[in-house]
1. State which residue is nearest to T152 (Cα to Cα) when the search covers only the range 110-138 and only residues that are in a loop (DSSP other than H, G, I, E, B) and more than 18 Å from the chain's Cα centre (by Cα).
2. Would you be able to say whether some residue in the range 75-96 is open to solvent by less than 50 Å² (accessible area, probe 1.4 Å), in a loop (DSSP other than H, G, I, E, B) and among the small types (G, A, S)?
3. Consider V161 against the criteria (1) in a loop (DSSP other than H, G, I, E, B); (2) surrounded by 10 or more Cβ atoms within 10 Å (Cβ to Cβ); (3) of a type in the set (A, V, I, L, M, F, W, C): it satisfies all of them except one. Which criterion is unmet?
4. Please determine whether any residue of the range 90-103 is under 26 Å from D140 (Cα atoms) and touching a residue at least 40 places away in the same chain (Cβ under 8 Å).
Amino acid sequence: MISRFFPRIVTVAFRLQATVLVLLVVNTSAFAQQPSTTGRPQQPGGGVNATVPGGLPPYQQRPALGSLTGHVVDSLSQQPLEYATVMLYSISPDSLVGGGITDGKGRFVLREIRLGAHRVEISFLGYSAKKFGPVLIRPDKLLTDLGQIVLTPAGETLETVEVTAERSYMQIGID
């Protein structure tokens with residue numbers, strides 16, 4: 001019984017695909033870029049002012065091509081800090097856009113970073129955070145290495161503390 005309807009199903013499916021394809025072609029041609037009358041290139045969306053200062057498109061429309069690397073160590077022992085937090089913020093707009101943690105050797109790699117200016121904050125529990133910026137990801141320099149980043153302990157070492165307590169000699173229990 002299915003074999004009797006199969007040619008009809010294929011024909012309907014093909015007509016549906018062709019209709020969708022025609023609608024897509026008509027829809028995209030309606031939004032084709034028109035020549036600019038101001039002499040300045042237009043951005044998607046038709047507005048001349050669709051870029052941010054500096055000529056870059058809005059952050060989400062920039063290509064994610066860059067990488068950021070570094071190596072985090074303790075200032076006293078020069079040992080790598082495992083599981084330090086690395087946060088990446090865009091400068092315009094100011095928002096968290098990525099991050100990660102260091103590996104067992106204190107190294108980190110952040111990939112697929114969008115072009116533009118960023119700031120980086122590296123922190124670890126018990127240490128003072130380090131901030132860098134602006135860090136530029138450019139088409140001519142897609143890999144940025146921050147090198148060795150030294151974090152210093154934030155707390156102070158206290159003197160020995162002696163804790164004393166009294167214990168009751170009377171015990172209550174079932175005999």
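The values are calculated or read from the model by the stated rules, or taken from the named source; none is laboratory data. Just so it is clear, the model here is predicted, and its values are computed rather than measured. No Cβ is skipped: glycine too gets one built from the backbone with ideal geometry, and neighbour counts run over all protein chains shown. Just so you know, the surface numbers come from the protein's heavy atoms only, side chains and all, with ligands and any DNA or RNA stripped out. Shrake-Rupley method; radii C 1.70, N 1.55, O 1.52, S 1.80 Å.
1. S128
2. Checked the range 75-96: at least one residue is open to solvent by less than 50 Å² (accessible area, probe 1.4 Å), in a loop (DSSP other than H, G, I, E, B) and among the small types (G, A, S).
3. Failed condition: (2).
4. Applying the first criterion (under 26 Å from D140 (Cα atoms)) to the range 90-103 yields 90-100.
Subset that is touching a residue at least 40 places away in the same chain (Cβ under 8 Å): 91-92.
So far as the range 90-103 goes, yes, one or more of its residues are under 26 Å from D140 (Cα atoms) and touching a residue at least 40 places away in the same chain (Cβ under 8 Å).
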